[in-house]
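*Asks:* Attaching a single structure in structure tokens format; questions to follow.
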Amino acid sequence: MAGHDARYVEITTRLRSVRSFCDFLSQGGTVRVALSDGGPYNDITAVLLERNRREAEALARTRRYLYPDLADEEVAPPLYSHH
């Protein structure tokens, strides 16, 4: 990861996370929420999938714009901070 600035790593990590969530939803994962305590659960999977796909596209565009030489490169963040 040496040589990559923190913003690139942050964008790439977020992009990977959003894409993974989209994969989960696309492969049958579901998300249901209740609008109130004790209320019925509503399936919001399609809404979340669309929202996250748009976010992934926006993150990919931002990364290509800010880092044109690195846009397709994947960076694995460190597992633990150095605190």
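*Asks:* Please determine, by comparing only the residues of the stretch 41-66 that are of a type in the set (Ser, Thr, Tyr) and either surrounded by fewer than 13 Cβ atoms within 10 Å (Cβ to Cβ) or touching a Ser or Thr at 6+ places or on another chain (Cβ under 9 Å) (or both), which one is nearest to Phe24 (Cα to Cα).
*Replies:* Within the stretch 41-66, the first condition is being of a type in the set (Ser, Thr, Tyr), and the residues that meet it are 41, 45, 62, 65.
This time we only want the ones that are either surrounded by fewer than 13 Cβ atoms within 10 Å (Cβ to Cβ) or touching a Ser or Thr at 6+ places or on another chain (Cβ under 9 Å) (or both), so: 41, 45, 65.
On the way: Tyr41: 20, Thr45: 10, Tyr65: 27 Å.
Here the residue is Thr45.
*Asks:* Quick one: in the stretch 1-25, of everything that is open to solvent by 60 Å² or more (accessible area, probe 1.4 Å) and in a loop (DSSP other than H, G, I, E, B), which residue is modelled with the highest pLDDT?
*Replies:* Of everything passing the filter in the stretch 1-25, Asp5 is modelled with the highest pLDDT.
*Asks:* Additional query: Would you say Leu66 is at pLDDT below 95 and in contact with a strand residue (DSSP E or B) (Cβ under 8 Å, 6 or more places away or on another chain)?
*Replies:* Working: at pLDDT below 95: yes; in contact with a strand residue (DSSP E or B) (Cβ under 8 Å, 6 or more places away or on another chain): no.
So Leu66 fails the test.
*Asks:* Inside the stretch 31-40, can you point out the residues that are open to solvent by 70 Å² or more (accessible area, probe 1.4 Å), touching a strand residue (DSSP E or B) at 6+ places or on another chain (Cβ under 9 Å) and assigned to a loop (DSSP other than H, G, I, E, B)? Give the steps one after another, and end with the answer.
*Replies:* Going through the stretch 31-40, the residues open to solvent by 70 Å² or more (accessible area, probe 1.4 Å) turn out to be 32, 35, 37-38, 40.
With touching a strand residue (DSSP E or B) at 6+ places or on another chain (Cβ under 9 Å) added as a condition, the list becomes 32, 35, 40.
Scanning the stretch 31-40 gives Leu35, Pro40.
The values are calculated or read from the model by the stated rules, or taken from the named source; none is laboratory data. In this text, all values refer to a predicted model and were calculated from it rather than measured experimentally. Note: ideal-geometry Cβ built from the backbone for every residue, glycine included; neighbour counts use all protein chains shown. Just so you know, the surface numbers come from the protein's heavy atoms only, side chains and all, with ligands and any DNA or RNA stripped out. Shrake-Rupley method; radii C 1.70, N 1.55, O 1.52, S 1.80 Å.
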